[in-house]
Amino acid sequence: MTLGELATRLGGTLSPIDNAGIEFGSFVTDSRDVPAGSVYLAIKGEHVDGHDFANAALLGGSVCAVVERTQELPCEILVPNLIEALANFGRSIRAEFTGPVVGLTGSNGKTTTKELLAAALSPLGPVLKNLGNRNTEYTSPLVWHDLTPGHRAAVIEMGMRGFGQIRHLASISQPTIAVITCIGTAHIEKVGSRQGILEAKSEILENLPDGGHAILWREDDYFGDLVNRTRVPVTTFGSSPDADVQLVGYRMKSWSECAIRLRHGGEEFEVSLNAIGRHMGLNAAAAVAAAICAGVPFADAVSALATADLPPMRMEERIIAGSTYLVDTYNASPDSTVAALRALGEGTAAGKKIAVLGEMRELGDFTESGHRLVGKAIADTHPDLVLLTGGPTQWMHQEALAMGFPSGNMVVWDTLDLDAVKAKLVDLVKPGDVVLVKASRALGLEQAIPEVAR
């Protein structure tokens, strides 16, 4: 794409106009890591203003900067509002695509389900998808820059940081199929309650087109509310016999692989995934349900799940000095932490099962009750040893003890102390042990894993 076309799609003004024929290859938002031939986006954040680094980006290799106020650079595209300009950009390319577009949101499992969706849709041909977790108002529109004539379907993950964000992202990618993995508690601080989560997530259902489909979890507490918010046909997934795509079997094959069995329309097929946890089976069922609505035969969609490129730091197995670490520190909510503990409980270890848990952030008024839910799950799943770090984990500790978990099997630090956790792991963990490491991303709890090469 040329800078002239980019300016037109953004609705901005290129200066100097003589640069209209220059081609660019990618977008960048960090002036410290600038690929040659990229376009720099000057994002004005809460603490840092990207305009202050626009010149450095051009010196580092960017060919142009998109700015909201002129920086008198050798090449810049001036736009009134960057968020709206990027929406214009994504919307303009989306309008040229006629294949199925699956919009995906939910409190947990979005990025994993996105990869499973891309795999399940792959029998149609190449699938466009977000790279990593590019799911914000700044990064999601840029996915459409990667569209090629060969793409046959698209999967667009949509994050939620408040009311209106998913509505905005859906207005850009205009999904023909919408998937909501669940109405949980992740990021509940942003909208105040699970009812708020429902309101925010259901924005993806508002403008589904005639002939569109909604994919919903049959056992969701808010299933009925979600059905009432859509005017298109609903396809369900879940463990219930009432689900259109039903998870009828799950078994762990190792700490890095499971087998799931799905049923639809009287047919059943089994497939292995390079992941563990019964929740992974539900994510896979959601992906297959969407693929069926996009025209993929059930058997083909299930078989294709085996090719999914699942993301790191989601129950990622690392073998260190004969011990197995399950690294699940991409993020954490009560729902995902309980699911991780259950997966730890279901597997077989030659040695001890150890859970290292940090606090879960962005829970707002749900902070205490959310941590207590995890404390109950600790007692239910009964690891051999639990290490807790960070103030709010006191409620995990209290609830686990109240439910009968032995106090001698828990170590608690009132504040986040990665060095202390690491020292304890070095002292306690032996070959054959399995260690779950789970916390919100901001804690960086994986840094407490002893640095020993495979």
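The values are calculated or read from the model by the stated rules, or taken from the named source; none is laboratory data. The structure displayed is predicted, hence computed values, not measured ones. Counting neighbours? That spans all protein chains shown, and the Cβs are built from the backbone with ideal geometry, glycine included. When the accessible area is computed, the model is the full protein with side chains, heavy atoms only, and any ligands, DNA or RNA have been set aside. Shrake-Rupley method; radii C 1.70, N 1.55, O 1.52, S 1.80 Å.
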Just need a number here: residues in region 399-447 that are more than 20 Å from Gly345 (Cβ to Cβ), assigned to a helix (DSSP H, G or I) and open to solvent by 20 Å² or more (accessible area, probe 1.4 Å).
-> 12
Of the conditions (1) among the β-branched types (Val, Ile, Thr); (2) under 28 Å from His168 (Cα atoms); (3) touching a residue at least 24 places away in the same chain (Cβ under 8 Å); (4) open to solvent by 20 Å² or more (accessible area, probe 1.4 Å), Ile22 clears all except one; give me its number.
-> (2)
Failed criterion for Glu46 (all others in (1) out of contact with any helix residue (DSSP H, G or I) (no Cβ under 7 Å at 6 or more places or on another chain); (2) open to solvent by less than 40 Å² (accessible area, probe 1.4 Å) hold) = (2)
Exception for Thr185 within (1) open to solvent by less than 40 Å² (accessible area, probe 1.4 Å); (2) touching a Pro at 6+ places or on another chain (Cβ under 7 Å); (3) closer than 30 Å to Gly25 by Cα falls at (3)
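Residue-wise test of (1) of a type in the set (A, V, I, L, M); (2) in a helix (DSSP H, G or I); (3) in contact with a strand residue (DSSP E or B) (Cβ under 6 Å, 6 or more places away or on another chain); (4) farther than 13 Å from Phe24 by Cβ.
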| position | (1), (2), (3), (4) |
| --- | --- |
| Ala56 | yes, yes, no, yes |
| Leu73 | yes, no, yes, yes |
| Ile83 | yes, yes, no, yes |
| Glu96 | no, no, no, yes |
Name the pairs whose Cβ atoms lie under 6 Å apart, with the first residue in region 300-322 and within 19 Å of Gly351 (Cα to Cα), the second of a type in the set (Val, Ile, Thr) and at pLDDT below 90, and 6 or more positions between them or separate chains?
-> Ile320/Val452; Ala321/Val452
Answer yes or no: is there a residue in region 211-227 that is in contact with a Pro (Cβ under 6 Å, 6 or more places away or on another chain), open to solvent by less than 50 Å² (accessible area, probe 1.4 Å), outside any helix (DSSP H, G or I) and not polar (S, T, N, Q).
-> yes
Using the structure shown, decide if Ala259 is outside any helix (DSSP H, G or I), out of contact with any Pro (no Cβ under 7 Å at 6 or more places or on another chain) and modelled with pLDDT under 95.
-> no
Taking region 303-350 as the search range and keeping residues that are open to solvent by 40 Å² or more (accessible area, probe 1.4 Å) and among the polar types (S, T, N, Q), which one is farthest from Ala289 (Cα to Cα)?
-> Thr348
In region 127-141, how many residues are touching a Gly at 6+ places or on another chain (Cβ under 8 Å), surrounded by 21 or more Cβ atoms within 10 Å (Cβ to Cβ) and of a type outside the set (Ser, Thr, Tyr)?
-> 2
Looking at Ala120, Ala65, which is the one that is modelled with pLDDT of 95 or more, part of a strand (DSSP E or B) and open to solvent by less than 30 Å² (accessible area, probe 1.4 Å)?
-> Ala65
Across region 373-398, what is the total count of residues that are farther than 20 Å from Val434 by Cα and open to solvent by less than 60 Å² (accessible area, probe 1.4 Å)?
-> 7
Would you mind telling me which numbered condition in (1) of a type outside the set (Phe, Trp, Tyr); (2) in contact with a Phe, Trp or Tyr (Cβ under 6 Å, 6 or more places away or on another chain); (3) open to solvent by 10 Å² or more (accessible area, probe 1.4 Å); (4) closer than 23 Å to Ile204 by Cα Val245 fails?
-> (3)
Flagged in region 351-372 as open to solvent by 10 Å² or more (accessible area, probe 1.4 Å) and of a type in the set (Gly, Ala, Ser), in numbering order, are Gly351, Gly364, Ser369
Picked from region 250-274 (must be open to solvent by less than 20 Å² (accessible area, probe 1.4 Å) and over 28 Å from Ile204 (Cβ atoms)), the residue farthest from the chain's Cα centre (by Cα) is Ala259
Among the residues of region 51-58, is any open to solvent by less than 10 Å² (accessible area, probe 1.4 Å), touching a residue at least 12 places away in the same chain (Cβ under 8 Å) and within 16 Å of Thr2 (Cα to Cα)?
-> no
Scan of region 310-333 for residues that are closer than 13 Å to Glu257 by Cα and of a type outside the set (Lys, Arg), ordered by number = Leu310, Met315, Glu316, Glu317, Leu326
First in region 151-177 and farther than 21 Å from Gly109 by Cβ, second anywhere and among the basic types (Lys, Arg) and in a helix (DSSP H, G or I), Cβ under 8 Å, 6 or more apart = Ser171/Arg91; Ile172/Arg91; Ile172/Arg94; Gln174/Arg91; Gln174/Arg94
